[in-house]
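J.: What follows is a structure written as structure tokens; I'll ask about it next.
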Amino acid sequence: MSTIAAISTATGVGGISIIRMSGKDCFKILDKFFVPKNKNKEVKGYTIKYGHIYDNQKVVDEVLVSYFEEPNSYTKENMCEINSHGGTYISNKILEICLKNGAILAEPGEFTKIAFLNGRIDLSQAESIIDLINSKTEREATTSINQLEGFLSNKIYNIKRKLMDIMVLSEVSIDYPEYDVEDVTNQRVLNILQEVKDDLGKLSNSFETGKIIKEGINIALIGKPNAGKSSLLNRMLKEERAIVTDIEGTTRDSIQEYIDIKGIPVKIIDTAGIRDATNEIEKIGIEKSKKIANQADLVMAIFDISKPLLKDEIEILESIKSKKCIIILNKIDLKYSDELENDIKKHINNKEIIKISAKEDIGIEEIYEKILEMFKLDEISIDNSEMITNIRHKNVIDNALVIIKEAISTVENKMPIDIISINIKNIMEELAKITGENVSEDIIKEIFSKFCLGK
């Protein structure tokens, strides 16, 4: 295989940059342009050497080079990491020198792909690496680390071991028909199948929580212009992110930002004010607002408590009747009555109502507490090793559950025991898609295409 090279650190100015190479000829290529200070000392794996990078006998940079000998490296191949001074020019120049001397440019995620193909990690662990890189909160990072440590892989292995026990029982029943143990065998098979069904069911059910940890919660702020959506966004972010004026229709496109609530990433989307607009640009923004609200996990509908309920706002209430939502009555720092709240309850009487003043920072903590309660965030444990966060894994497990139910039905209907082996093989083939033993090249390409260069 070729020796690949790429810059593994983020683009831009920084303290150091890391240029990574991996492949059989990694050290031979490195020797062409790296001159260590101590030339006579033998190079060993897990060591670092100080020296200089040369290009045409000209010093390019003063560097440290880490050596990793096969099979004890990230890729299980010979590997080195050149730690140079940070900066776009230096790192690109060293990469250029690597390529000029025999390496080829790595594809996105190719180092991790090689680690997978060489058996250092399975596919679920490879996927957890990109999740770890993209983590926005501590909980998300911890869950990714759990997957990288092989918690899901071990669970799948244990399930497959139970399925193999069924295959053994099935073979015994077929090979030794003279022993009349069919009823006993069927009951043992049925018990194991039920255990496997319960195991897969727990994994499938864990996805709802896992999805929240990984993807977070999308909250849409909707309401008429000047109801206080942008002011609330600024309060929740604790910065002046959105423009706030007395002019209606200031926000014509959505603004989205993340906050961290109890270790869960929460994306707050401030949308254009909904009203009967005549301006074409504003109309586009309003249609986008309605679409965002429809797709959000939670809608926070904001109303000016000092004003009566208007026709446009009634339409907003009608549109969110079936959604998980919180009614926010803003501007309690102004003079107001209970008229608006009573009118809202006439149209939508089963939703949470919170009174706030975004201007005076009153009631914001109550919003946080309500979000925690509605999504049961306090009950989410990052120590749950039986949690899946990946929709691909969820689909595979659900497919396996369908087959396991068919297998149980087969046994309960007193069908010949050898028929069950077909179901078991199908289940094991499905589960092998998670760990990567049975997965198409297209899926592998799709997974690793999501990685950054140098990983």
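The values are calculated or read from the model by the stated rules, or taken from the named source; none is laboratory data. Just so you know, these numbers come straight off a predicted model, no measurement behind them. With ideal geometry, Cβ positions are generated from the backbone for all residues, glycine too; neighbour counts draw on all protein chains shown.
J.: Return only the number of the condition from (1) at pLDDT below 95; (2) in a loop (DSSP other than H, G, I, E, B); (3) among the acidic types (Asp, Glu) that GLU77 does not satisfy.
T.: (1)
J.: Suppose we filter the stretch 13-40 for residues that are assigned to a loop (DSSP other than H, G, I, E, B) and polar (S, T, N, Q); how many remain? If you could, list the steps in order and put the result at the bottom.
T.: Step one: list which residues in the stretch 13-40 are assigned to a loop (DSSP other than H, G, I, E, B), which gives 13-15, 23-25, 32-33, 37-40.
With the extra rule that they be polar (S, T, N, Q), the set shrinks to 38, 40.
The number of residues fulfilling the criteria is 2.
J.: Test ILE422 against the stated conditions and say whether it is modelled with pLDDT under 85 and either more than 31 Å from the chain's Cα centre (by Cα) or at positive phi (or both).
T.: Working: modelled with pLDDT under 85: no; either more than 31 Å from the chain's Cα centre (by Cα) or at positive phi (or both): yes.
In short, no.
A quick yes/no check of all residues on (1) within 18 Å of ILE316 (Cα to Cα); (2) exposed (fewer than 15 other Cβ atoms within 10 Å of the Cβ); (3) basic (Lys, Arg); (4) at pLDDT below 90:
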residue: ASP343; (1), (2), (3), (4): yes, no, no, yes
residue: ILE348; (1), (2), (3), (4): yes, no, no, yes
residue: LYS359; (1), (2), (3), (4): no, no, yes, yes
residue: GLU365; (1), (2), (3), (4): no, yes, no, no
residue: LYS370; (1), (2), (3), (4): no, no, yes, no
residue: LYS376; (1), (2), (3), (4): no, yes, yes, yes
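Conditions (1) in the same structural domain as SER409 (by TED's automatic domain parsing); (2) within 17 Å of ILE371 (Cα to Cα), marked per residue:
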position	(1), (2)
GLU195	yes, no
ALA227	no, no
LEU232	no, yes
LEU237	no, yes
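Quick grid of which residues meet (1) over 33 Å from the mean Cα position of the chain (by Cα); (2) surrounded by 16 or more Cβ atoms within 10 Å (Cβ to Cβ):
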position: ASN56; (1), (2): yes, no
position: VAL63; (1), (2): yes, yes
position: TYR67; (1), (2): no, yes
position: GLU70; (1), (2): no, yes
position: THR75; (1), (2): no, yes
position: ILE90; (1), (2): no, yes
position: ILE94; (1), (2): no, yes
position: ALA106; (1), (2): no, yes
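J.: Please verify whether LEU200 is at pLDDT below 90 and not polar (S, T, N, Q), treating the condition exactly as stated. Spell out the reasoning first.
T.: Working: at pLDDT below 90: no; not polar (S, T, N, Q): yes.
Answer is no for this residue.
J.: Given (1) closer than 21 Å to ARG120 by Cα; (2) hydroxyl-bearing (Ser, Thr, Tyr); (3) buried (at least 17 other Cβ atoms within 10 Å of the Cβ), where does SER449 come up short, assuming only one miss?
T.: Among (1) closer than 21 Å to ARG120 by Cα; (2) hydroxyl-bearing (Ser, Thr, Tyr); (3) buried (at least 17 other Cβ atoms within 10 Å of the Cβ), the lone unmet condition for SER449 is (3).
J.: Identify, from the list ILE264, ILE217, ILE269, the residue that is under 26 Å from the mean Cα position of the chain (by Cα), closer than 13 Å to ALA301 by Cα and either surrounded by fewer than 16 Cβ atoms within 10 Å (Cβ to Cβ) or modelled with pLDDT of 80 or more (or both).
T.: On the way: ILE264 fails: closer than 13 Å to ALA301 by Cα; ILE217 fails: closer than 13 Å to ALA301 by Cα.
On inspection, the qualifying residue turns out to be ILE269.
J.: Next up: Taking VAL43 as the residue in question, decide whether it is over 12 Å from ALA6 (Cβ atoms), modelled with pLDDT of 95 or more and either assigned to a strand (DSSP E or B) or of a type outside the set (S, T, N, Q) (or both). Before you say what the answer is, go through the steps one by one.
T.: On the way: over 12 Å from ALA6 (Cβ atoms): yes; modelled with pLDDT of 95 or more: no; either assigned to a strand (DSSP E or B) or of a type outside the set (S, T, N, Q) (or both): yes.
So VAL43 does not fit the description; no.
J.: Would you confirm, using the coordinates I've provided, whether ASN158 is more than 23 Å from the chain's Cα centre (by Cα), farther than 16 Å from SER2 by Cβ and in contact (Cβ under 8 Å) with a residue 12 or more places away in the chain? If you could, list the steps in order and put the result at the bottom.
T.: Values: more than 23 Å from the chain's Cα centre (by Cα): yes; farther than 16 Å from SER2 by Cβ: yes; in contact (Cβ under 8 Å) with a residue 12 or more places away in the chain: yes.
Judged against the criteria, ASN158 is a match.
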